[in-house]
Amino acid sequence: MQDLKYELKKLIIDECEKDCSIEDIKDDEALFGENSVLELDSMDALQISMAINKKYGLKTTDSKELRKIMYSINTMEEYLIKNG
């Protein structure tokens, strides 16, 4: 089985059609905002949240909570382990 962080990075790259490698995404780096290597936006967030819901059963409609969860790969992994 693949590492969860690796799976999350691959999911983000695939869902958002980003032209970068998995190694380009740092575990503790912000995924959104102008300083992000991926430069993800709100449409990307929607795509990612739907894909995570489908693959891992993440079900939250609270946008503030979702922002915290999707801050970085580390925060996503932590949430999925705790609530998976």
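The values are calculated or read from the model by the stated rules, or taken from the named source; none is laboratory data. Model, not experiment: these values are computed from the prediction. For neighbour counting, all protein chains shown are included, and Cβ atoms are generated from backbone atoms with ideal geometry for every residue, glycine included. Keep in mind that these areas ignore ligands, DNA and RNA; they rest on the heavy atoms of the full protein, side chains included. Shrake-Rupley method; radii C 1.70, N 1.55, O 1.52, S 1.80 Å.
The table that follows gives values for the structure above.
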{"quantity": "Out of Leu66, Leu46, sole residue that is open to solvent by 20 Å² or more (accessible area, probe 1.4 Å) and without any contact (Cβ under 8 Å) to a residue 12 or more places away in the chain", "calculated": "Leu46"}
{"quantity": "Filter result for the condition that a residue is among the hydrophobic types (A, V, I, L, M, F, W, C) and touching a residue at least 60 places away in the same chain (Cβ under 8 Å), over Ile12, Ile81", "calculated": "Ile81"}
{"quantity": "Filter result (within 9 Å of the chain's Cα centre (by Cα) and of a type outside the set (A, V, I, L, M, F, W, C)) within segment 58-73", "calculated": "Tyr71, Ser72"}
{"quantity": "Number of positions in segment 17-43 that are under 24 Å from Asn83 (Cα atoms), open to solvent by less than 60 Å² (accessible area, probe 1.4 Å) and among the hydrophobic types (A, V, I, L, M, F, W, C)", "calculated": "3"}
{"quantity": "Some residue of segment 49-56 being touching a Gly at 6+ places or on another chain (Cβ under 7 Å) and open to solvent by less than 90 Å² (accessible area, probe 1.4 Å)", "calculated": "yes"}
